[in-house]
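Q: Here it is, the structure in full.
The values are calculated or read from the model by the stated rules, or taken from the named source; none is laboratory data. These numbers were taken from a predicted model, which means no experiment stands behind them. A quick note on method: Cβ atoms are made from the backbone with ideal geometry, for glycine too, and the neighbour counts reach across all protein chains shown. The protein model used for the area step is the full one, side chains on, heavy atoms only, and it has no ligands, DNA or RNA in it. Shrake-Rupley method; radii C 1.70, N 1.55, O 1.52, S 1.80 Å.
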Amino acid sequence: MTTYYSKITGWGMYVPERVLTNHDLAQMVDTSDEWIVTRTGIRERHIAADGEATVSMALKASEKALEVAGITAADLDLIIFASSTPDYLCPPASSLLQDRLGATKAGAMVLVAGCSGFVYGLVTASQFIQTGLYQHILVVGTEKLSWAVDWSDRNTCVLFGDGAGAVIVSRSLEPGGLISARLGSEGAEGDALIVPAIGSIEPLTPEKIERNEHKIRMDGRRIFKFATQVMVDAVVDVVSAAGLTINDIDLIIPHQANERIIDLAVRRLGVDRSKVLINIDRYGNTSAASVPLALCEALDQGRIQPGDRIVMVAFGAGLTYAACLWEWQGAETREEPILVSNWPISETLRERLQQMRVAAWRAQTEARAKLSDATMAVMLPLYTFRKGVKKRLGK
Ligand code: COA
């Protein structure tokens, strides 16, 4: 039987022209550039113009991806549209995009998994490709979060931005593409990031609108804790499932929600920061568009070369999380993704040694995470106590 591999053959991104800086936000709510930069790493974000919406942004990114792949919309078999901010509840954004692209033979579906949506979409697309069912799939992550944000709530409005990123996943005989994946959900934590008033559970009333319940509500600290934990766990899972350790990974593309979350996760994983793509300073958190925007930038900057192993990892509303290990095709694929491969030993011993290497790395990462948790457990009460004393002294 023929073995098919998923291959990213095209990519494209789009962000609206209008830039909203931290200084602009400080004119709107009680915040400052200093607070936003030190707590999140964000300096500016892009905001959709009047008349610009999720599908129109997705269209621009998708057209670029098709061009890079050298195919037309008519070649697409499927469109997977990751978004939580559709133009309408119905019809789905995926069908609107299918029509505007002219993807006449493509199926189309929306994938709602919060900020993890694009990684979920990439893994889903790969299944259709690897079974041989489809040849070309468009996976697009796009959000118009400026529509969903309460612009009077400083806890959330400083975090989000608008944008779109798209890739074409094609069928290939070249080994590589999706190597391993981890998709997860902790629905019990769902109320940490919620738009309470839009949905079938209760009618939307003028009173609810008055209270801004049709906008995003968020428990930032809860998500922070969740994110640092699941990002580390999911990366460890996909890397060890591939029989590798973190040292074998060339680039990590994390969801851009907060630079501090990324830093903490990266420290726990023991990864050199130069191997992590960070562009949150210019875009903020663009939810399902965040990973594809970062992927496009990495590709355009030449930071991804054939043979490279990339981990994409995200978390978001749900609460969901997702990670995948992707091997970039385009050149001779490494024969054996194992560092002990050159040793003159038997196949069985080689495999055993590699398993030990992976197990040692897992244990090391877990120990590092435990140490970091213990440090936080001591530091947090001290920090709160210090803050309380300062408040009482009126400083
Ligand atoms: N400007 C100034 N002060 C602000 C502020 C802002 N924009 N937003 C909150 N504050 C204040 C708070 O009111 C609080 O004041 P208090 O101590 O007087 O009550 C103080 O800053 C600290 O708030 P805290 O919640 O402890 O800040 P933090 O260090 O946890 O950072 C987040 C807040 C939201 C940046 C951080 O928790 C985060 O990024 N969480 C994850 C959110 C996320 O990723 N969401 C999307 C998921 S995909």
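Q: Residue 224 versus residue 281, label points 7 Å from Cα toward the beta carbon: distance in nm?
A: 2.1
Q: Under a 1.4 angstrom probe, counting protein chains only, how are 23, 46 ranked by accessible area, largest first?
A: Largest accessible area first, the list is 23, 46.
Q: Mind checking the stretch 16-87 for GluC sites (Glu not before Pro) that DSSP puts in a loop (not H, G, I, E or B) and that have at most 15 other Cβ atoms within 10 Å?
A: Answer in residue order: 17.
Q: Report the label-to-label distance for residue 360 and residue 89 in nanometres (one decimal), using points 7 Å from each Cα along the Cα→Cβ vector.
A: For the pair residue 360/residue 89, the computed spacing is 5.7 nm.
Q: Give the longest segment of the chain that steers clear of chymotrypsin sites (Phe, Trp or Tyr not before Pro) in DSSP loops with at most 15 neighbouring Cβ atoms within 10 Å, not counting the sites themselves.
A: 152-395
Q: Distance cut-off 25 Å, Cα to Cα: go down the list 7/144; 60/144; 215/370; 225/275 and report the pairs above it.
A: Beyond 25 Å: 7/144; 215/370.
Q: Towards the positive end of the charge dipole of the chain, with charges on Cβ (+1 Lys, Arg; -1 Asp, Glu), say which of 199, 383, 179 has the farthest Cα.
A: Going by the Cα projections, it comes out as 383.
Q: While we're here: How large is the dipole of the chain about the Cα centre if only Lys and Arg carry +1 and Asp and Glu carry -1, each at its Cβ, rounded to the nearest 20 debye?
A: Using only the charged Cβ atoms, the result is roughly 1480 debye.
Q: What 222 nm value per residue comes from the helices of the chain, counting each DSSP H run with n ≥ 4 as -39,500 (n - 2.57) and dividing by all residues, nearest 500 deg cm²/dmol?
A: Taken over the chain, the calculation gives -12500 deg cm²/dmol.
Q: OK, next. Show me the GluC sites (Glu not before Pro) within the stretch 103-199 that DSSP assigns to loop and that have at most 16 other Cβ atoms within 10 Å of their Cβ.
A: Hits after loop and neighbour filter: 186.
Q: Then there is this: Give me the percent of the accessible area of the chain that comes from carbon and sulfur atoms, probe 1.4 Å, all protein chains in place.
A: In the chain, the share of accessible area belonging to carbon and sulfur is 54 percent.
Q: With a 1.4 Å probe and all protein chains kept in place, how do 233, 77, 272 rank by accessible area, largest first?
A: 272, 233, 77
Q: Placing +1 on the Cβ of each Lys and Arg and -1 on the Cβ of each Asp and Glu in the stretch 5-173, which of 66, 81, 19 has its Cα farthest towards the positive end of the resulting dipole?
A: Projecting each Cα onto the dipole axis, the largest value belongs to 66.
Q: Over the stretch 25-78, with the other protein chains present, what is the accessible area per residue in square angstrom, probe 1.4 angstrom?
A: Counting only protein heavy atoms, the per-residue value for the stretch 25-78 is 46 Å².
Q: Using a cut-off of under 18 Å, list every residue of the stretch 76-98 whose amide N is near the label point 7 Å from the Cα of residue 200 along the Cα-to-beta-carbon line.
A: 86, 88-93
Q: Oh, and also: Looking at the chain, send over the antiparallel percent of its DSSP beta bridges, to the nearest 5.
A: Percentage antiparallel, nearest 5: 70.
Q: Quick check for you: which residues of the stretch 220-241 have the amide N under 17 Å from the point 7 Å beyond the Cα of residue 375 toward its beta carbon?
A: Residues 225, 228-229, 232 qualify, since their backbone N sits under 17 Å from the label point.
Q: For the chain, what does the alpha-carbon gyration tensor say about shape, rounded, prolate or oblate, given a ≥ b ≥ c as the root eigenvalues, a/c under 1.5 as rounded, and a/b over b/c as prolate?
A: Because a/c hits 1.5 or more and a/b fails to exceed b/c, the chain counts as oblate.
Q: In the stretch 1-140, if the dipole is taken from +1 on Lys/Arg beta carbons and -1 on Asp/Glu beta carbons about the Cα centre, which of 134, 41, 115 is farthest to the positive end?
A: 134
Q: Taking the Cα centre of the stretch 1-148 as origin and charging only Cβ (+1 Lys, Arg; -1 Asp, Glu), how large is the dipole, in debye to the nearest 20?
A: I would put it at about 420 debye.
Q: Which of rounded, prolate, oblate describes the stretch 181-379, given a ≥ b ≥ c as roots of the alpha-carbon gyration tensor eigenvalues and a/c under 1.5 marking rounded, otherwise prolate only if a/b is larger than b/c?
A: Note, shape of the stretch 181-379 comes out prolate.
Q: In addition: Given a 10 angstrom Cα cut-off, can you work out which residue in 351, 327, 259 is the most mobile in a GNM of the chain?
A: Largest GNM mean-square fluctuation: 351.
Q: Kindly work out what percent of the DSSP beta bridges joining two residues of the stretch 1-155 are antiparallel, to the nearest 5.
A: If I count the DSSP bridges inside the stretch 1-155, around 20 percent turn out antiparallel.
Q: Measuring from a point 7 Å past the Cα of residue 212 along Cα-to-C-beta, which residues in the stretch 29-59 have an amide N at less than 11 Å?
A: 29-30
Q: Quick one: if you stick a label point 7 Å off each Cα along the C-beta vector at residue 151 and residue 74, how many nm between them?
A: Distance between label points: 4.3 nm.
Q: Distance from the Cα centre of the stretch 262-276 to that of the stretch 23-46, in angstrom?
A: So the two Cα centres are separated by 24 Å.
Q: Leaving ligands, DNA and RNA out of it, rank 3, 245 by accessible area with a 1.4 Å probe, largest first.
A: 3, 245
Q: Let me ask another. List every residue whose amide H lies under 5 Å from the amide H of residue 111, counting only residues 5 or more places away in sequence or on a different chain, with H placed 1.01 Å from N in the peptide plane.
A: Residues meeting the criterion, in which the H sits 1.01 Å from N, are 81, 82, 83.
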